Every structure is written in structure tokens, then in C-alpha cells.
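Bear in mind that the values in this text are calculations on the coordinates, not laboratory data. Because the structure is a prediction, the values reported are computed rather than measured. Neighbour counts run over all protein chains shown; Cβ positions are idealised from the backbone, glycine included.
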Amino acid sequence: MDATAALGLGRRERWAWALVLAVALVWNLAANLWLPRALYVPGALLTAAALVAVAVRVGGLGPAELGLGRGDLGRGLVFGLGAAAAVAAVLAAGAAWPETRGLFEDRRAEGASAAAVLYLALVRVPLGTVVVEETLFRGVLLGLALRRWPTGAAAAVSSVAFGLWHLLPARQVTSFNPVTDALAGDPLTRALGVVAAVAGTALAGLVFCWLRLRSGSLLAPALAHWAVNALGYVLAYAVLAYGSVSP
């Protein structure tokens, strides 16, 4: 009886992993290659909901294992706001310092309107990028991995997957900024830039995992993730539009 139950749970786990990875792969390809911009946010929300449904119904995870427990929201808010404030301080200092200001001249923000920047910071990033990525990596994958491996190994699995998730967008990473574009003048250097971007994202994933595990809530890494993406874009817009963010 026990052996049969254990074997059944193993099959259930394998199905959960397979379905989660399939949903994630489809969304990653769609979002990076062909999905219209107008469908990004609703598509991300639907994908996040599908991932949670698979984790709960197939993987058997509970709210706390996904970082969605109501009792952990307060702690997640405290940790998340603290992390977001730290991110904001570091980014603002980098944008204000002349020696690093050039790194914020992101061509994706060039010519953008204030309304477009606000939409990206307040809608597209939090309801699109952050929701689906935090649900997938610090919620579902981390929750499934913690059932099988120790905490460190589970965080490593989640974070490596997070880095590889950014492989497609990382192909263009050096072209977004004139400084990095000038440094990456040949294919080998550009390839190294992609590797560095993926590795850096994986390291960021470890920090997000720590926030999730320390607070118990997905809200903590979500707020930190939002700060990195949204505030980075807002500061890029400020630097390109005004030349500096210093008073």
C-alpha cells in the first residue's frame, strides 16, 4: 500500500513538472517571439493562473508552499518594501553618478512618452512580467523543488531556470545601451554578454528566492523584482530625457 502510494505520488510529481515546464516554454516563446504587445498582460495573467492550477491540482501544493498564504502577506510586505527601497537607492545613485549614468541610457526608453513609461512601470511590469515570473520561479518551481530537494538545491534549480528563461531576451542585451553595444563589437563578445546576462539573472533569482523563503510570501520577491525592472526603466527615461536624475 505504502509503496503504491509513493509510486503514485512520484507519477503525480512528474506530471506536475512536465505540465509546468510545458506551460512555461509556450509562454516564453510566445511572449518573446510573436505575441502582440496588447495581449502581453492578459496572457501573463492567464499563464500565471494556469501554473497555479497545475501546481495545486496536479502537484498538490498548498497556498503556503506557493508563497500565497494569507498569514505571510504582512511579513512579505515588510521584506518586499525594504528590498524595493534598497534597489531604488542603488539605481538612483547609479543614474545620478556621472561615471555610471551612461549605463542607464537604455534605447528601449528613447522617445517614449511619460504615459508609456507609467504604463510600463505600473501595469506591464507588475501585472505582466512580475506576476508570471514570480508565480513560476519563486512560487511553483520552488515549491515543487522543495518537496524533492534541500532548500539550497531547490533555490539553485529555480534560479538556474530563471536565468535560462531570459536567454531569448538576452540575445539583444548588449544592443540596448550604447556603452555595452560599443564594448560588444564582435560575435564572441556578444555571446559572452548573453552568458553574463543569464548568469546575472540567475544570481538575482537566488536573491529573490532568499526573500521568498525568508518572508514566506511571494509578495517580497515580487516587490523587489518590480523595483528592478520598473524603476530601471523609469530612470532610463529620466536620463535620456533630462540627462540626469540628480536634483
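Please name which of 127, 137, 234 has its Cα lying farthest along the dipole of the stretch 64-242 towards the positive end, using unit charges on Cβ (Lys, Arg +1; Asp, Glu -1) and the Cα centre as origin.
137
May I ask you to evaluate 6.51 cos²θ - 1.76 cosθ + 1.60, the Karplus curve with θ = phi - 60°, for each residue of the stretch 58-72 and list the ³J(HN,Hα) values in order in whole Hz, giving x for glycine and proline?
Running phi through 6.51 cos²θ - 1.76 cosθ + 1.60 with θ = phi - 60° gives 9, x, x, 6, x, x, 5, 5, 8, x, 10, x, 4, x, 9 Hz.
Tell me, how many Å apart are the Cα centres for the stretch 118-167 and for the stretch 188-224?
8
By the scheme Lys and Arg +1, Asp and Glu -1, what is the net charge of all other residues having a beta-carbon under 13 Å from that of residue 207?
+2
Which of the following values of Cα extents along the principal axes in Å was calculated from the structure shown: [x] 68, 40, 28; [y] 69, 42, 34; [z] 53, 41, 37?
Among [x] 68, 40, 28; [y] 69, 42, 34; [z] 53, 41, 37, the one derived from this structure is [y].
Hey, what number do you get for the chain at 222 nm if only DSSP H runs of n ≥ 4 count, each worth -39500 (n - 2.57), divided across all residues, to the nearest 500?
When only DSSP H runs of four or more count, the value is -20500 deg cm²/dmol.
With a cap of 12 neighbouring Cβ atoms within 10 Å, and only residues DSSP puts in a loop, list the GluC sites (Glu not before Pro) found in the stretch 58-150.
Taking the stretch 58-150 and a limit of 12 other Cβ atoms within 10 Å, the loop GluC sites (Glu not before Pro) found are 110.
Give me the number: length gained by fully extending residue 14 to residue 207, i.e. 0.36 nm times residue separation minus the C-alpha to C-alpha distance, one decimal in nm.
That works out to 66.8 nm of additional length.
Once you have the Cα-Cα distance between residue 149 and residue 85, take 0.36 nm times their residue separation minus that, and quote the gain in nm to one decimal.
Residue separation times 0.36 nm, minus the Cα-Cα distance, leaves 19.8 nm.
For the pair residue 46 and residue 108, what calculated FRET efficiency results from E = 1/(1 + (r/R0)^6), where r is the Cβ-Cβ distance and R0 = 35 Å, to the nearest 0.05?
0.90
Would you list 237, 40, 242, 119 from fewest to most Cβ contacts within 10 Å?
Ascending Cβ contact count within 10 Å gives the list 242, 119, 40, 237.
In debye, nearest 20: dipole of the stretch 20-135 around its Cα centre with unit charges on the Cβ of K, R (+) and D, E (-)?
240
Around residue 54, under 13 Å between beta carbons, what's the net of Lys plus Arg minus Asp minus Glu among the other residues?
After counting each charged neighbour, the total is +2.
Add +1 for every Lys or Arg and -1 for every Asp or Glu among the other residues with Cβ under 13 Å from the Cβ of residue 95, and state the total.
That sum, taken over residues with Cβ under 13 Å, equals -2.
Dividing the convex hull volume of the alpha carbon atoms of the stretch 47-179 by its residue count, what do you get in Å³ per residue?
Cα convex hull per residue, to the nearest whole number: 150 Å³.
At 0.36 nm per residue, minus the direct Cα-Cα distance, what do residue 37 and residue 241 gain on full extension? Give it in nm, one decimal, please.
Gain on extension, residue 37 to residue 241, equals 71.1 nm.
How do 15, 34, 165 rank when sorted from fewest to most other Cβ atoms within 10 Å of their own Cβ?
The fewest-first ordering by Cβ neighbours comes to 34, 15, 165.
By count of other Cβ within 10 Å, fewest leading, how are 158, 113 ordered?
113, 158
If each of residue 57 and residue 78 carries a label point 7 Å out from its Cα toward its Cβ, how far apart are those two points in nm?
About 3.7 nm separates the two model spin labels.
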